[in-house]
1. Rounded to the nearest 10 Å², what accessible area does residue 135 show when all protein chains are kept and the probe is 1.4 Å?
2. Sorted by accessible area with a 1.4 angstrom probe, largest first, how do 118, 140 fall?
3. Given an 8 Å cut-off on Cα distances and at least 6 residues of separation, report the relative contact order of the chain as a percent.
4. Need one word for the range 105-201: rounded, prolate or oblate. Basis is the Cα gyration tensor (sqrt eigenvalues a ≥ b ≥ c); a/c below 1.5 gives rounded, then a/b vs b/c decides.
5. Could you go through the range 89-102 in sequence order and give the Karplus-derived ³J(HN,Hα) for each residue, using 6.51 cos²θ - 1.76 cosθ + 1.60 with θ = phi - 60°, rounded to whole Hz, and x for Gly and Pro?
6. Test of understanding: what is the full-extension gain from residue 47 to residue 18, defined as 0.36 nm times their sequence separation minus their Cα-Cα distance?
7. Remind me, relative contact order of the range 1-135 in percent, using alpha carbon pairs under 8 angstrom and six or more residues apart?
8. Per-residue accessible area for residue 171 at 1.4 Å probe radius, Å² rounded to 10?
Amino acid sequence: MSALSALLARDYGSLAPRIEAGFAERPVTLRINTLKADADEVFSALQKRYSAVRVPWYAEALVLPEAEEQELSETALYREGKIYLQSLSSMLPPLVLEPKAGESVLDMTAAPGGKTCEIAALSGDKALITAYERDKIRFERLKFNLERQGVRRVTAICRDATQLEDFYRFDKILLDAPCSGSGTVTPSAPARIDGAYVERCVRLQEKLLKKALRLLKIGGTLVYSTCSVLKAENEELLRRVLPAEGARLIPVEGFAEVPRLPSAEGTLAVLPDALYEGFFVAKITK
Ligand code: SAM
């Protein structure tokens, strides 16, 4: 048994083999960038070529069962930033955040920027976004993607987000935390995840989460997400940190079609399957 199998068995018991069966290669999925393109027009163009299928919970999300990533990335739609290749699960956190025009939004760990661009698109590029990323190379990728996707109202900063000064306050914060990636395992990207690695991730997640809660306005919304299905990185961390910081969960509503793992009430843990990677999303206020 691999170290990851043992961790999954500890968290999910008899459900663990079903999770591992969902560690599959998936079809290409993408988000249509409404800052640059009309969703119906892009859908029609891609449907003819790749039998594109729409996703019930997000009009801008498409599944392309007959497409290859390489071929798509050579299209004008891709080069012009009218589409962004993104997993379905990773489109969930910005939707749960519900960014609106005029709101101050902090994206704490932003590169390569799929969710920053989605936040901008959801607000019609009218949210005031601050995007932090500490890794220099990934930060360059973030800037490239923001430019290509036509996002204007964003201040991108290459810096450790745990160093943000405590006097800042934001209406909304996305903490799409660095994690073990246990939800994104596939046959071609096998896991190198063990207990010690998960503990290191949890230590960083806890620091970032505490900082996020300090920077959130009273009554504001924080979305915490990971591409991990391990409880230590998700609900166990929240259960330990939220009460001590005077914060609480708000139920994540909707997304009935998304396959789910059992998780703390009000949170959304995505069961990996042929279409979705494993993911966790929680909505928090204080
Ligand atoms: N939200 C991104 C997106 O949708 O494209 C993916 C974020 S990825 C899960 C986590 C990112 O956090 C990595 O790019 C990593 O370099 C960055 N990171 C890790 N620790 C950080 C810190 N202390 N401050 C800022 N960024 C950090």
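1. Roll a 1.4 Å probe over it and residue 135 shows about 60 Å².
2. Largest to smallest exposure gives the sequence 140, 118.
3. 20
4. It comes out prolate by the Cα gyration axes.
5. Calculated HN-Hα couplings, in order: 4, 6, 7, 5, x, x, 5, 5, 5, 6, x, 10, 3, x Hz.
6. Extending this stretch completely gives an extra 7.3 nm.
7. For the range 1-135, the relative contact order is 21 percent.
8. The accessible area of residue 171 comes to roughly 40 Å².
The values are calculated or read from the model by the stated rules, or taken from the named source; none is laboratory data. Here the structure is a predicted model, which means the values were calculated and not measured. FYI the Cβ positions are ideal-geometry reconstructions off the backbone, even for glycines, and counts take in every protein chain you see. Remember, those area values only see protein heavy atoms, side chains included, never the ligands or the DNA or RNA. Shrake-Rupley method; radii C 1.70, N 1.55, O 1.52, S 1.80 Å.
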